[in-house]
Amino acid sequence: MGRPSSVPPPRARNDRREFFKRSGAATVAAAALPVALTDAQAAAAGAFQHGVASGDPLTDRVILWTRVTPAMPKTAVSLTWVVALDPQLSRVVLRGTAKTLPARDYTVKVDAIGLQPGTTYYYRFMAEGSASPIGRTRTLPTGTVDRLRIAVASCSNHAYGYFNAYARIAERADLDLVLHLGDYLYEYGAGQYGSVRTPEPVTEMVTLADYRLRHAQYKRDADLQAVHRQHPFICIWDDHEIANDSWLSGAENHQSATEGDYAARVAAGLQAYYEWMPIRPVDTVRLRKNWRNFRIGNLVELMMLEERLSARSQPLVATIPTAFGNGFVQTGSFADESRSLLGSEQEAWLSGQLQSSPAQWKLLGQGVMFAQLKLQGAPNAQGGGVFLNPDQWDGYNPARNRVFNVLKGSSTGRPVDNMVVLTGDIHSSWAADLTQDPNNPDTATGGYNPATGQGSRAVEFVGTSVSSPGVDSDTSGSTAGFLRSQNPHFKYINLHKRGYLLLDVTPQRVVGEFWHIDTVASLSNLQTFAAAFEVQAGTNRLVPSAQTTPRANAPLLAP
Ligand SMILES: [Fe+2]
């Protein structure tokens, strides 16, 4: 989700789906400090101008990524790579060769197999007489795991501002991994959604060449390079990796008359995505199918969902005028059981994972807000009230009910406890109890008691954006306060700060810490701890918490 389409730019819409994305648009001043590599720096970087990255760690392997920029076009480029236990690369445990081609835009992916679980490694590529930066990564642990620390990021818009949040995540030496929940890059052309930096190409990305150029520009950002260099990523895409508000067969920001076949555009965007991201394809034929799970010892089952391109039904249009723009109610097409966000195949997979995983916590890494977001709250028996955003799970309420039914249990499955939903997309910070009837105070009829959390079945943390705008005018919190008055299941709402979420998991509890940065208009190293909430095992509801303590003896950062 994000700003409206670019043809013609900028299009004015009074659409509440855009509320969180458009407020504050065009208010960011031009910045003075360049953060992308200069030409001289790029030349010094030799063949490796786009850094290194790692991702999709398992207990015995991890994807290592880089991109070669040959001095002149070549039909093929050969590389060598090493993996070691120390930042000086003196204790090498794996080495190998690789080859890349123009047909994959000179990107390189190695699945480094044969590693030990729960271990930090350092790696480097060599090609064309150059050595890449040294990267640092970590495999997943096995067996009894007493603690996991994760940074959660989303919505990193290069044009809209600097990636200070990435720089702060890069500095945290004690993280196990970084989750990126989508909108890793944005499709818009120059001036259409942010004017701090000029996108490459200057036009909206539509073709394979466009998508590759945009990925390459992002990967030249020094802070993006830093966070990839220090931590393995587990990524899912949201909509902007292809086009705004995408679904199975179209997107709000795709016009077939001028931009061609949508399926071809998706194929181009995904080809570039798989080339440029440290991700292990689940299915090399069905590229849209990238939902996958990661077992993190006995502590966490991490399930990464695909909510855009596999099966999502077209978002419906909100038509009820309100003070905040158009809203909608859960009748008519919104109540259509056949509409889907995940598709039946992924729903069945998710249900099976939730019911069968022996892990203490079930974490869902996914794109759009799961909790209800109402402009006017009402119990379900009275219609449920007026909802804001048809692009999130509110626009797919029957599909959301199917997930709740899994959590509640049935004759074929036991109830599921300890599910924590992690979400991006909406450029703002939220903590929520997840309940099917948040405005019904009678827990005996399936309602929810906001004072005790009774009636909550799971919890959700929505992390704010790296740089994309929220409701930047809500510095007093009045809009957030209004939303909390209508939505008692939210324990925290901040609409105007950028940053990231820090998740600290132990067998006893999951703590979500909201960390905010001061600006995206310029480079800055300021960050602020804003708030923390936790869910204790077996309770399925949030309570206020405190900042957690970093791990002692964290592995050395990469140089
Ligand atoms: Fe976004």
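If you go through the range 176-229 and pick out every residue that is among the aliphatic types (A, V, I, L, M), under 27 Å from LEU363 (Cα atoms), outside any strand (DSSP E or B) and open to solvent by less than 10 Å² (accessible area, probe 1.4 Å), you end up with 4. On the stretch given as the range 401-422, residues that are assigned to a loop (DSSP other than H, G, I, E, B) and open to solvent by less than 30 Å² (accessible area, probe 1.4 Å) total 3.
Residues considered: LEU185, LEU181, LEU177. Of these, the only one that is over 20 Å from ASP105 (Cβ atoms), modelled with pLDDT of 95 or more and within 16 Å of the ligand (Cβ to nearest atom) is LEU181. Of all residues in the range 423-435, none are surrounded by fewer than 24 Cβ atoms within 10 Å (Cβ to Cβ), within 21 Å of the chain's Cα centre (by Cα), assigned to a strand (DSSP E or B) and of a type in the set (Val, Ile, Thr). Within the set ALA458, ALA431, the sole residue that is under 25 Å from PHE324 (Cα atoms) and not aromatic (Phe, Trp, Tyr) turns out to be ALA431. Of all residues in the range 308-329, those being part of a loop (DSSP other than H, G, I, E, B), at pLDDT 95 or above and either in contact with a helix residue (DSSP H, G or I) (Cβ under 9 Å, 6 or more places away or on another chain) or open to solvent by 10 Å² or more (accessible area, probe 1.4 Å) (or both) number 12. Mind checking which residues of the range 141-161 are touching a residue at least 60 places away in the same chain (Cβ under 8 Å) and within 16 Å of the ligand (Cβ to nearest atom)? Once the filter is applied, which keeps residues that are touching a residue at least 60 places away in the same chain (Cβ under 8 Å) and within 16 Å of the ligand (Cβ to nearest atom), the range 141-161 yields VAL152, ALA153, SER154, CYS155, SER156, ASN157, HIS158, TYR160, GLY161. Quick one: would you say SER467 is over 17 Å from PRO544 (Cβ atoms), away from the ligand (no atom under 16 Å from the Cβ) and of a type outside the set (Phe, Trp, Tyr)? Answer is no for this residue.
Going by the structure shown, is TRP237 within 16 Å of the ligand (Cβ to nearest atom) and open to solvent by 10 Å² or more (accessible area, probe 1.4 Å)? In short, no.
So which residues in the range 471-491 are of a type in the set (Gly, Ala, Ser) and either in contact with an Asp or Glu (Cβ under 8 Å, 6 or more places away or on another chain) or assigned to a loop (DSSP other than H, G, I, E, B) (or both), if there are any at all? Result: SER473, SER476, GLY477, ALA480.
Does VAL68 meet the test of being closer than 27 Å to THR464 by Cα, in contact with a strand residue (DSSP E or B) (Cβ under 7 Å, 6 or more places away or on another chain), at pLDDT 95 or above and crowded, with 16+ Cβ neighbours inside 10 Å? The answer is no for VAL68.
Determine, yes or no, whether GLY118 is modelled with pLDDT of 95 or more, surrounded by fewer than 18 Cβ atoms within 10 Å (Cβ to Cβ) and on the phi > 0 side of the Ramachandran plot. Yes, satisfied. So how many residues does the range 410-447 have that are at pLDDT 95 or above, out of contact with any Pro (no Cβ under 8 Å at 6 or more places or on another chain) and among the polar types (S, T, N, Q)? Counting residues in the range 410-447 that are at pLDDT 95 or above, out of contact with any Pro (no Cβ under 8 Å at 6 or more places or on another chain) and among the polar types (S, T, N, Q) gives 8.
Scanning the range 189-196 finds no residues that are away from the ligand (no atom under 16 Å from the Cβ) and within 21 Å of PHE461 (Cβ to Cβ).
The values are calculated or read from the model by the stated rules, or taken from the named source; none is laboratory data. Owing to the predicted nature of the structure, the values given are computational and were not obtained by experimental measurement. Positions of Cβ are generated from backbone atoms using ideal geometry, with glycine treated the same way; all protein chains shown enter the neighbour counts. Heavy atoms of the whole protein, side chains included, go into the accessibility calculation; ligands, DNA and RNA do not. Shrake-Rupley method; radii C 1.70, N 1.55, O 1.52, S 1.80 Å.
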